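The values are calculated or read from the model by the stated rules, or taken from the named source; none is laboratory data. Keep in mind the model is a prediction, meaning the values are calculated, not measured. Ideal geometry is used to build each Cβ from the backbone, glycine not excepted, and the neighbour counts take in all protein chains shown.
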Amino acid sequence: MTLPSTSPRVFRMLDRAVGRPYFPLAFVGRLPFAMMIVGVLTITAVEQGSLALAGVLAASAGLGTAVVGPLSGALSDRLGQRVVLLTLAACSVVIALTFLVLVQSTVSVFVLIAGAALLGATTPQVAPFSRARLLGAAGDAPVAMSERARTVVMSYESMADEASFVLGPVIVGLASAAIAPWAPLVLSVVLTATVIPLFAVHPTARLVPARRTRTEPASDLDTTAAAKGLHSPATPISALVTAELVTLVLAMLAVGGIFGATLTGLTGLLEQLGAVEQTGLLYGAMSIGAIATALAMIALPASMTLERRWVAAAVLSVVGLALLLLSDGLVITVIALFVSGCGVGASLVALFSLGAIAAPADRTNTVLVTLQSSLVVGQALVTAASGALVDAASPQVAFTLGGTLALALTVLALTHSMRMWRLRR
């Protein structure tokens, strides 16, 4: 597979615009968020001795993210990323240390739930802020490269997200085993207190997606968004509640749910097979598939529109979950995880790209943080719910739930594609 000729030029342009040190900084800055829910789950299960409570607190952290995540995006659109990220980092350090004390004490369950929710609310989400910065850099690309530049940005960011969400739980597991259950959250605090401020004050914070001009060739989605008045300056929040953006949020919830259901079902399946310690290793096959397809998205021709990519990816995720339901051994399980990972990975690239195009230029942070928050919320809620289902029934119930969500993702993709086709007609 060869990349289109414009892709290497896009990489060089982005490298010049943000500087090479930016990429490792933005990646490490993702880790506290990637470690947060698993860290809460681990320390609660050990210190409180209850997997059910651990699931509830993990879901609470996800809900905290859902409530405050979009608000932090809206504030960054108004005040700038630096102020918001520095404030969140300071609050997150204090709340994480407080939660560590609470979870090891005998406080009430409601206090623990509130602490977990506040921790989820204040943990900085570097990924959507990084997307907005790189989109700002991509906006400086020549007209002929602009569409390709956006695709490259979204593909790279999706790969970085997947890699961080693979590495985050691994770090949690290693730190818990080598030191103590509290070690992952302490490490997260250290990263939040050091790396997040560096990311916040990095010169790229001034890079924001510019308002599209009439001379730039707009895609079909750009034209549709402009027709709805979404690209006017000082766009009110109420203007974001459109059928298009609501569909994308629902799709992100479904993708997060697929991740959560698959992880829970896989844990239960391997527990039955006596190989539960291999959960992280096998789950990595799903992430490898997601990373591979995120990279492959760069190489797809422009004629393969984002709507078509999303539909194809959603169908692929259905195939992967169906294989998981039929799996009777580790080999088929690994193949099924890889296939489903390919589907959800390509879906993530398409969804973030569609969100970036549909977002008003002055609300890019708001939209991207909302989509990222929806992904985490879906994963947290379905992880908690499917955990109870696996305990009460079997791992196949979790895989069935994941397959149902994959079907819902396909329906949303088809609905969105048909809507855009009608608008173009």
Suppose we keep only residues that are out of contact with any helix residue (DSSP H, G or I) (no Cβ under 6 Å at 6 or more places or on another chain) and β-branched (Val, Ile, Thr) within the range 172-200. Which one would you say is modelled with the lowest pLDDT? ILE179
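Among the residues of the range 364-384, is there at least one that is closer than 30 Å to ASP77 by Cα and over 15 Å from the mean Cα position of the chain (by Cα)? Before you say what the answer is, go through the steps one by one.
Going residue by residue through the range 364-384, those that are closer than 30 Å to ASP77 by Cα are 364-381.
Narrowing the set further to residues that are over 15 Å from the mean Cα position of the chain (by Cα) leaves 364.
Within the range 364-384, one or more residues are closer than 30 Å to ASP77 by Cα and over 15 Å from the mean Cα position of the chain (by Cα).
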What pairs come up if the first residue lies in the range 191-207 and is more than 25 Å from ASP362 (Cβ to Cβ) and assigned by TED's automatic domain parsing to the domain that holds LEU86, the second is of a type in the set (Ser, Thr, Tyr) and in a helix (DSSP H, G or I), and their beta carbons are under 7 Å apart, counting only those six or more places apart or on different chains? THR192/SER92
Checking THR415 against (1) buried (at least 24 other Cβ atoms within 10 Å of the Cβ); (2) among the hydroxyl-bearing types (Ser, Thr, Tyr); (3) in contact with a Ser or Thr (Cβ under 8 Å, 6 or more places away or on another chain), only one condition comes out false. Which one? (1)
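Out of the residues in the range 293-324 that are small (Gly, Ala, Ser) and modelled with pLDDT of 85 or more, state the one that is farthest from the chain's Cα centre (by Cα). Even if it seems obvious, please write down each step before you answer.
So the first thing to find is which residues in the range 293-324 are small (Gly, Ala, Ser), and the list is 294, 296, 299, 302-303, 312-314, 317, 320, 322.
Retained after the next criterion (residues that are modelled with pLDDT of 85 or more): 312-314, 317, 320, 322.
On the way: ALA312: 20, ALA313: 16, ALA314: 16, SER317: 16, GLY320: 20, ALA322: 23 Å.
The selected residue is ALA322.
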Take the range 109-151 and flag every residue that is surrounded by fewer than 20 Cβ atoms within 10 Å (Cβ to Cβ), modelled with pLDDT of 85 or more and of a type outside the set (Val, Ile, Thr). PHE110, ALA114
Specify the residue that is modelled with the highest pLDDT; the eligible residues are those in the range 10-44 that are among the basic types (Lys, Arg) and surrounded by fewer than 19 Cβ atoms within 10 Å (Cβ to Cβ). ARG20
Checking LEU409, LEU401, LEU354 in turn, the sole residue that is in a helix (DSSP H, G or I) and out of contact with any Ser or Thr (no Cβ under 8 Å at 6 or more places or on another chain) turns out to be LEU354
Checking THR106 against (1) modelled with pLDDT of 80 or more; (2) touching a Gly at 6+ places or on another chain (Cβ under 9 Å), which test does it fail? (2)
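Sort out which residues of the range 101-128 are more than 25 Å from LEU198 (Cα to Cα) and either among the hydrophobic types (A, V, I, L, M, F, W, C) or outside the structural domain of SER158 (by TED's automatic domain parsing) (or both), and write them in order of number. If you could, list the steps in order and put the result at the bottom.
First pass over the range 101-128, keeping only residues more than 25 Å from LEU198 (Cα to Cα): 101-117.
Within the range 101-128, VAL101, LEU102, VAL103, VAL107, VAL109, PHE110, VAL111, LEU112, ILE113, ALA114, ALA116, ALA117 meet the criteria.
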Report the residue count in the range 377-389 for those that are surrounded by 23 or more Cβ atoms within 10 Å (Cβ to Cβ), modelled with pLDDT under 80 and not small (Gly, Ala, Ser). 1
